[in-house]
Every structure is written in C-alpha cells, then in structure tokens.
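What follows draws every value from the coordinates through simple rules; no lab data is involved. For clarity, every value in this text was computed on a predicted model and none was experimentally measured. Positions of Cβ are generated from backbone atoms using ideal geometry, with glycine treated the same way; all protein chains shown enter the neighbour counts.
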Amino acid sequence: MPFKTILAIIQSEQDAERVSDCAGALASRFEGHLIGLHAEALPVPYTSTIGFPEAEFIQASTEINAERSKAIEAIFRRRTGEAGVSAEWRSLENFSGDSGHSGITSARSCDLVVASQGGADGASPDVDALLYEAGRPVLVTPRDAPALATFRRVIVAWNGSREASRATFDALPFILEAEGTEILVIDPPESQNALAGTDIAAALERHGAVVSVHATASGGLATDDVIRNRLAETGADLLVLGAYSHSWLKQLLFGGVTRTVLQSMPVTAFLSR
C-alpha cells in the first residue's frame with residue numbers, strides 16, 4: 001500500500017529543508033498529499049516585581065514565535081512548491097513547543113510521519129511521543145547524511161518481536177522498491193540458528209521483495225554497534241526497526257538501539273511499534 005497521506009514534523013529552521021525535501025519527494029513519488037506541521041511554545045506569563053503580568057515580555061515572545069513559525073512555513077511552502085506536490089500547512093501552539101506532541105492527532109490520520117534526528121542544537125521533535133501515541137510509522141532522517149526518499153538496500157533488524165513485525169510490514173512500500181532487503185538477526189537462539197529470520201523473509205518474498213537473511217553473533221558488541229557495522233558493510237541506506245521492543249525506561253536509562261537511531265544512526269530509519 002503506498003503512502004498517500006504524509007505528515008512532515010518540523011521542529012526548527014535547521015531541519016525544515018531536510019524534512020520538507022524528504023517528505024515532498026515521498027509525496028511526489030506516491031502521488032500523495034503532504035501536511036507540514038510546526039508548533040511553537042505558548043508564551044509563559046511572567047510577573048513583574050509588583051505582581052502584575054509582564055505584558056511586554058509576553059507580546060515580544062508572541063511576536064518572535066510568530067516570526068519563526070512564518071519562516072519555517074515559508075521554507076516548507078517553497079520546497080514543496082518546487083516539488084509540485086499537494087500540500088498544506090498547520091501551525092500550532094502548545095506549552096512545550098514540541099512539534100511531535102502537537103502532531104499526534106494529525107499523525108493518526110496519516111500513512112507515514114517524517115521527522116528529523118536530533119540536531120546538534122538539541123532541537124528535535126519528540127519522536128517517542130509519536131511512536132507511542134500516534135500508532136503510525138515514523139521515518140527519521142539522519143542529521144549528518146542526505147535525507148533520502150528512495151532506498152536501494154534495506155536492512156530489517158529482526159528479533160521476532162511484535163514491534164519488529166509491525167515495522168517490517170509497515171515498511172513494505174520501501175522494501176518492495178528496494179534492490180534487496182536483508183533480514184539481520186543478532187545472537188539468534190542456538191536451537192533456531194539455521195532458521196532465524198527465514199519465516200519473515202519468506203513472507204516478504206511472497207509479496208515480491210528480494211530478500212536475504214544474515215544471522216550473526218554480537219561478539220560482545222552492543223546491538224546498535226553490530227547494526228551500524230552491518231550498515232557500513234552492506235552499504236544499506238534504510239534501517240527498519242521495531243521501536244522499543246525492550247522497555248522504554250530501560251533504554252532511556254541505559255541506552256539501546258531505538259535511542260541510538262533517534263540520536264545518531266548514520267542512515268535513514270523507519271520505526272514503528
């Protein structure tokens with residue numbers, strides 16, 4: 001099923017072009033409709049020394065937020081206009097100023113969400129909120145690499161979980177277009193070593209995908225390092241991952257593959273749960 005309604009979550013001017021270009025190219029290829037969304041923080045009403053709200057500060061904050069939102073909208077409209085796609089813009093406000101939180105309701109009516117990896121300035125939407133609350137897959141564009149919209153080689157990080165299954169089938173439009181897809185299984189149980197990943201590979205092949213299976217031992221490396229190394233070895237340009245198939249709190253405290261993908265994975269990642 002092609003992605004016909006795509007939501008571009010734009011947090012800052014720094015990611016506006018990258019996200020707009022990626023989402024616009026997807027909307028063009030799938031002949032879909034693109035929604036651009038950005039949220040600003042509601043001005044906090046500080047009080048003066050004599051106890052009255054600081055009206056001038058609130059007014060100045062409101063004007064700054066409005067100018068920034070208009071600048072981001074202008075980038076989105078220019079880039080999507082150049083791509084010639086059907087597009088609309090949504091400018092919202094919330095207490096945190098996080099566009100991910102504001103985008104949850106819109107995302108629930110979309111086929112795909114496009115958002116950026118965390119920037120060097122720390123400005124990035126809350127993709128965790130989208131993954132947990134929107135129920136839709138999220139394509140995360142890398143910070144330090146091209147924001148691709150067409151993928152030649154795909155790696156599916158497969159651990160047999162519900163989240164991995166959901167992500168794999170959600171990513172079918174990309175998998176079917178790719179020259180090849182690898183099912184990467186890390187540290188499979190010894191009893192299943194020869195069969196690990198074969199069922200999902202066969203299911204994808206029945207759809208017409210070109211699929212291979214690669215089972216490997218971590219050898220003491222962290223799972224995200226094994227994935228990173230395999231991406232480099234194969235030249236894959238898309239990673240498909242079931243997000244937070246382990247405890248979100250555990251990953252927040254101790255790290256994990258999903259956290260690495262959202263912060264520093266060097267290729268585009270497709271996440272779902």
Per-pair calculated FRET efficiency, R0 = 51 Å: Arg68 and Asp199 via Cβ, rounded to 0.05: 0.55
Length released on extending from Ala145 to Arg90, taking residue separation times 0.36 nm less the Cα-Cα span: 17.1 nm
Magnitude of the charge dipole, segment 153-272, Cβ model with Lys/Arg +1 and Asp/Glu -1, debye to 20: 320 debye
Distance (nanometres) between label positions extended 7 Å along Cα→Cβ at Thr216 and Arg77: 4.7 nm
Long-range HN-HN contacts of Ala87 with modeled amide H, under 5 Å: Leu34
Long-range HN-HN contacts of Arg143 with modeled amide H, under 5 Å: Gln117
Solvent-free Debye scattering, log10 I(q)/I(0), computed from the Cα coordinates of segment 5-141 at q = 0.16 Å⁻¹: -0.76
Cβ-Cβ FRET estimate between Gln59 and Glu179, R0 fixed at 45 Å, reported to 0.05: 0.20
